[in-house]
1. Pick from A:Ala139, A:Ala116: which is among the aliphatic types (A, V, I, L, M) and either at the interface with another protein chain (Cβ under 8 Å from one of its Cβ atoms) or part of a helix (DSSP H, G or I) (or both)?
2. Give the residues of the range A:77-105 that are surrounded by fewer than 19 Cβ atoms within 10 Å (Cβ to Cβ) and aliphatic (A, V, I, L, M), sorted by residue number.
3. Against the definition (within 11 Å of chain B (Cβ to nearest Cβ), surrounded by fewer than 18 Cβ atoms within 10 Å (Cβ to Cβ) and under 15 Å from the mean Cα position of the chain (by Cα)), how does A:Met38 come out, yes or no?
4. How many of the residues in the range B:20-37 are more than 9 Å from chain A (Cβ to nearest Cβ) and in a helix (DSSP H, G or I)?
5. Kindly establish whether A:Leu154 is within 14 Å of chain B (Cβ to nearest Cβ), hydrophobic (A, V, I, L, M, F, W, C) and crowded, with 17+ Cβ neighbours inside 10 Å.
6. If I filter the range B:50-58 for residues that are in contact with a Ser or Thr (Cβ under 9 Å, 6 or more places away or on another chain) and assigned to a helix (DSSP H, G or I), do I get at least one hit?
Amino acid sequence: MSSDESFLQDVLAALHRVGLEAIVVGTVAGVLNGAPVMTQDLDLLLRDTPKNREKIGKLSAALQIAAPVEVSELSRSITLLGGALPIDILFDALPGGLTFEALRSRSSRVQIGDSAATVAALGDVIASKEAAGRPKDLAQLPILRETQRVRGALKDGR
Amino acid sequence: MDRRAEAERLRVAVLEARQRVAPLVPDIDPGDLLLILQSLLRPIGTGRRFFLRRRDSGGYVF
C-alpha cells in the first residue's frame, strides 16, 4: 500500500471512529473511479448539522491535526491542515445543485485496506467540476470524460 | 503475488481490455487509453499514488 492509500485509509478509519458520514468527492473520487488524475487534497462532503460540526473537531483530534479553518468568509467550506495533506470539507451540496442525498444515492463503496469509502459516481464528479468551472477543474475534464467513456465501453464490450 | 508477477498480470489485463475497447472509442488517443485502462484495472491498495505534495522549494513530489 502506498503512502497515499495509507493516508486515505487512516482518514476513513478516523471518520468511522467518530461516526461521521462522508462522501469522497472531487478528484480523489475520480481516482477511486479509475481516472488517472492527481490532486493536492482530499475533498469530503458532509451534511451540515451541529452534531457533525462537533464530530469534525473530534476528527481533527483523531487524526492529530489542527482544528478546522474556514476557507473564506464567502464559503461554508472548511479545511483541516497540518496532516500529510489538506482535507477540505464541504457541506450539503456540490456546485451544480448536487445534494448530499443525490450524490449518496449514486455513490459506490470502495474498499481501501481495512476501511471502506463512500465515493461519488464519476458522472457526478464530472458534473460538479463542470459547474465549478475553475481552471483546475476544467483542465481535468477531458481525461475524466474519457475515463467515463472507457468504463462504458468496457461494460459494453463484455 | 510478487511485484513482477503482479505487473505481468496487469500488463495482460490491460492489453486484453485494449483489444476489446479500442474499436469502441477510436477517437481516444492510444496513449491515453492505455493510461486509463491501467488506472481502471489496477485496484486501489496496490501501491497507487495520486497525491501531489508541494515542496517548500516550489517543486512538486508524489
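Just so it is clear, none of the values below were taken in a lab; they were calculated from the coordinates. A quick note: this is a predicted structure, and the numbers were derived from the prediction, not measured. Ideal geometry is used to build each Cβ from the backbone, glycine not excepted, and the neighbour counts take in all protein chains shown.
1. Going through A:Ala139, A:Ala116 in turn, the sole match is A:Ala139.
2. Scanning the range A:77-105 gives A:Leu81, A:Ala84, A:Ala93, A:Ala102.
3. Here the answer is yes, as A:Met38 does meet what is asked.
4. 3
5. yes
6. No, there is no match, as no residue in the range B:50-58 is in contact with a Ser or Thr (Cβ under 9 Å, 6 or more places away or on another chain) and assigned to a helix (DSSP H, G or I).
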